[in-house]
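The values are calculated or read from the model by the stated rules, or taken from the named source; none is laboratory data. This is a predicted model, so every value here is computed, not measured. Cβ sites come from the backbone with ideal geometry, for glycine too, and all protein chains shown count toward neighbours. Surface areas here come from the heavy atoms of the whole protein model, side chains and all, with no ligands, DNA or RNA. Shrake-Rupley method; radii C 1.70, N 1.55, O 1.52, S 1.80 Å.
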Amino acid sequence: MDLKFLAIRELIKEADDTIATISDKGGPVYIHDPMAQQLFNALVAAYGRRSALTHGSFNEDNTEGYPFISSFEKFIRITPTEDDFVHLCDQALAQLAASLQAPSARSATGGYVIFVYYSSDVFDYLLVALVRDKAGVAFDDELNPTKVIEVDLEELHQAAKINISTFKEGKD
């Protein structure tokens, strides 16, 4: 697998809040960092372990209401740069934040939204995953147990993977 681009952003929303905000933190990640590679491998593996996979499609009848669709279609027609990827991520995040403000999403909460553009075999993919923190245990210098907060990469709260190669060919 070949990691092309990786970006991480934070979406802030508590259950029963009606406002979802996008944190100023985050953005593109240097893909040659060993931790970026570890994150990438963990996300792809976690997505592969999901037991309830469904298929979806874009709402081509309402591209104005879903700006990610047109941004995605522009993105896949070019040889994208990191700036193009960040623009696509920003469009997706803005649309996600807007959808979390709908009355039907009142109990939804935010988290870290990770965007991954990669190749595997002859296919290109865009993977978008929402993950959250979890408490863990570590040892300090004196081997006393201490609480640590880590990103829970074992549980993807929401995820979507688009096979860009088959999408370009007009396949399912």
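Site pair F58 and A45 shows an inter-label distance of 3.3 nm when each label is modelled 7 Å from Cα along Cα→Cβ. Relative to the current alpha-carbon distance between S120 and E142, full extension at 0.36 nm per residue lengthens the span by 3.5 nm.
Across the chain, C-alpha contacts under 8 Å between residues 6 or more apart give a mean separation that, scaled by the residue count, equals a relative contact order of 28 percent.
Order the following by accessible area, largest value first: T146, T166. Probe radius 1.4 Å; ligands, DNA and RNA are ignored.
Result, largest first: T146, T166.
What FRET efficiency would be calculated for the residue pair K74, Q101, taking the C-beta separation as r and a Förster radius of 41 Å, to the nearest 0.05?
0.95
Of all aspartates and glutamates in the structure, the ones whose alpha carbon falls short of 12 Å from that of K74, not counting any fewer than 8 places away in one chain, are D84.
Placing a pseudo-label 7 Å from each Cα along the Cα-to-Cβ vector at R132 and H157 gives an inter-label distance of 0.5 nm.
Using the alpha carbons alone, the radius of gyration of region 66-107 stands to its Kirkwood radius in an Rg to Rh ratio of 1.12. Remark: region 44-161 projects, on average over all directions, an area of 10.8 nm² (convex hull of Cα atoms). Here's the list of lysines a cross-link from K13 could span, going by alpha-carbon distance under 16 Å and ignoring same-chain residues fewer than 8 apart: K25. Ranking M1, S70, V86 by Cα position along the charge dipole of the chain, where only Lys, Arg, Asp and Glu carry charges on their C-beta atoms, puts S70 farthest toward the positive end.
Taking the Cα centre of region 1-127 as origin and assigning +1 to Lys and Arg Cβ atoms and -1 to Asp and Glu Cβ atoms, the resulting dipole is close to 340 debye.
Summing +1 for each Lys or Arg and -1 for each Asp or Glu among the other residues whose beta-carbon sits under 12 angstrom from that of A42 gives -3. Net length available on complete extension from T166 to E82 is 28.0 nm, with 0.36 nm assigned per residue and the Cα-Cα distance removed.
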